[in-house]
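Here's the structure we're looking at; comments come further down.
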Amino acid sequence: MADGGPPSRFTTAAGETVEVARVAAGRYRVTLGGRTHLVRARRTGPTGWRLDVGPYAADADVTAAGDTYTVAIGGRTHRIPLAAARRSRSGAAGEGDPELRAAMPGKVVAVLVRQGDTVARDQHLLVIEAMKMENDVLAPRAGVVEKLRVRPGQAVESGELLAVIG
């Protein structure tokens, strides 16, 4: 997965969509259940990983057998079957939800675009400070910023509409 490239999307056998995008070496943007997390991952052994998600850290053991991943983390083991799942890479204009919503409560510290601007998929639009970390908010699709609902210094709640990309 190249830095800044289009995200990989997975749909598990349980029907959950997971989106993973590499933003830098060892850093990923992971979206699951409508929530986006910045994750720092560092290999600690042949199957071991150290995962930092905001202020939280965990050690995980990840193994793959065919299209099933087994993840042992926090004393629990999870089997994630992807055999019946759809996997796709996307990046074409018009893909992705046109509404961009806050993944968590925070404060807008920067707005990098204006209403009417043309943007590319994964272009940096905003920076929101949440849980003492600055989180880049990227365009979910290529298009035009039709609505921009936030300004620097504004507090936002989880799920609040930030912008619409048409």
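Where a number appears in this text, it was derived from the coordinates with a stated rule and is not lab data. Not measured: the values here are computed from a predicted model. Virtual Cβ from ideal backbone geometry, glycine too; neighbours counted across all protein chains shown.
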FRET efficiency, ASP52 to THR118 (Cβ-Cβ, R0 22 Å, nearest 0.05):
0.05
Give me the one-decimal nm value for the distance between modelled label points at ALA24 and ASP59, 7 Å along each residue's Cα-to-Cβ direction.
2.6 nm
The range 91-165, relative contact order [Cα under 8 Å, separation at least 6], %:
43 percent
Residue exposure sequence - HIS78, HIS37 - by fewest surrounding Cβ within 10 Å
HIS78, HIS37
About its Cα centre, what dipole magnitude does the range 91-165 give when the only charges are +1 on Lys and Arg Cβ and -1 on Asp and Glu Cβ, stated in debye to the nearest 20?
200 debye
Out of TRP49, VAL62, HIS37 - ranked by how far each Cα lies towards the positive end of the dipole of the range 25-74, with unit charges on the beta-carbon of charged residues - the top one is HIS37
Within the range 38-54, the residues whose backbone N lies under 16 Å from a label point placed 7 Å from the Cα of THR77 along the Cα-to-Cβ direction are 47-48
Under the 0.36 nm per residue contour assumption, what length would be gained going from the current alpha-carbon distance of TYR69 and GLU134 to full extension?
20.3 nm
Exposure proxy check: VAL18, VAL144 ranked by fewest other beta carbons within 10 Å?
VAL144, VAL18
